[in-house]
Each structure stands twice: as C-alpha cells, then as structure tokens.
Amino acid sequence: MPDIQGSGLELKVDEIPDVLLDIAPDRIFQVFQNIIGNSIKYTPKGGFIHIKFEQCRDALAVEITDNGQGIAATDIPFVFDRFYRGEKARTQKEIGGSGLGLSIVRSIIERYGGRVECDSVLGQGTSIRFLLPLA
C-alpha cells in the first residue's frame with residue numbers, strides 16, 4: 001500500500017459496511033493501491049484523502065476523494081484509458097507514472113461486474129467512485 005503516513009496527508013476512512021463481495025483480495029487491494037497512490041502523488045502535504053463506503057441495494061459504493069491538484073475537465077473522459085496522462089501530469093517531470101494505474105482499476109472493477117467514474121475540479125481535487133455488486 002502507498003505510504004500515507006510518510007506523505008504528510010490526513011487520511012479519513014469511514015466505517016466499512018459488513019457486506020460480502022465476490023472479488024479476489026489481491027485485485028481489490030490493487031484497486032485501492034492505484035487510486036490512493038494517485039491521490040498521494042497529486043495532493044500536496046497538508047491535504048487529505050477521504051475514503052467513503054455506502055451500501056446500495058445490490059452493490060457497495062466506494063468513493064476516494066482528495067483535495068489535490070485535480071484534473072482538467074478536458075482530461076476526465078480519458079483518465080481510465082491506457083497510458084493516458086493529463087497535460088498537467090505530463091509537464092510535471094518530478095511526478096512519475098506510466099498512465100496505467102486507473103486503466104488497471106477500470107479493468108479490475110469491470111471484470112467483477114462493477115463500474116468506475118471520476119469527478120474532478122482542477123485546483124480543488126478528485127473523486128474516484130466505484131461500485132461492485134454484492135455477492
């Protein structure tokens with residue numbers, strides 16, 4: 001898991017509903033690792049990451065929100081594409097990455113019958129929300 005303690009960010013995790021999901025533990029771990037890793041990368045020290053869980057009728061909704069640099073509206077439709085890095089990310093050489101993390105997230109979530117979406121405002125932060133069906 002990414003090093004949240006060493007990142008200088010505040011982490012808030014809401015209560016996790018007691019539900020059963022049909023997903024391999026290493027795959028859901030990778031989903032969280034990729035999304036939280038991005039939040040750490042693009043959120044300055046003193047910022048926050050908030051993980052929320054909500055049980056919907058037949059699914060678990062998970063939302064991971066940060067108050068980082070955000071994503072330009074023109075980039076949002078492409079963030080789950082393989083090798084895609086937004087213009088701002090491409091110009092920040094000190095922030096590495098291949099543009100595969102969110103593509104992998106989408107692949108895993110969809111493989112298990114779920115869906116994933118992104119909401120972001122440049123300069124204010126990003127929210128990645130995914131839903132997975134209950135077992």
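Give me the angle, in degrees from 0 to 90, between the Cα long axis of helix 25-42 and the longest principal axis of the Cα atoms of the chain, rounded to the nearest 10.
Orientation of helix 25-42: about 30 degrees from the principal axis.
Measure nothing fancy, just the Cα-based angle from helix 101-111's long axis to the longest principal axis of the chain, in degrees from 0 to 90, nearest 10.
Orientation of helix 101-111: about 20 degrees from the principal axis.
Please work out the average accessible area per residue across the chain, using the 1.4 Å probe convention, and give it in Å².
On a per-residue basis, the chain sits at 57 Å².
What's the ranking of 107-113, 6-12 by average number of surrounding C-beta atoms within 10 Å, highest first?
The densest-packed peptide leads the list: 107-113, 6-12.
Nothing charged except the Cβ atoms of Lys and Arg (+1) and of Asp and Glu (-1): what's the magnitude of the dipole of the chain about its Cα centre? Round to the nearest 20 debye.
Here the chain has a charge dipole of around 480 debye.
The values are calculated or read from the model by the stated rules, or taken from the named source; none is laboratory data. Here the structure is a predicted model, which means the values were calculated and not measured. As a convention, Cβ positions derive from the backbone with ideal geometry for all residues, glycine included, and neighbour counts pool all protein chains shown. These accessible areas exclude ligands, DNA and RNA; they are computed on the full protein's heavy atoms, side chains included. Shrake-Rupley method; radii C 1.70, N 1.55, O 1.52, S 1.80 Å.
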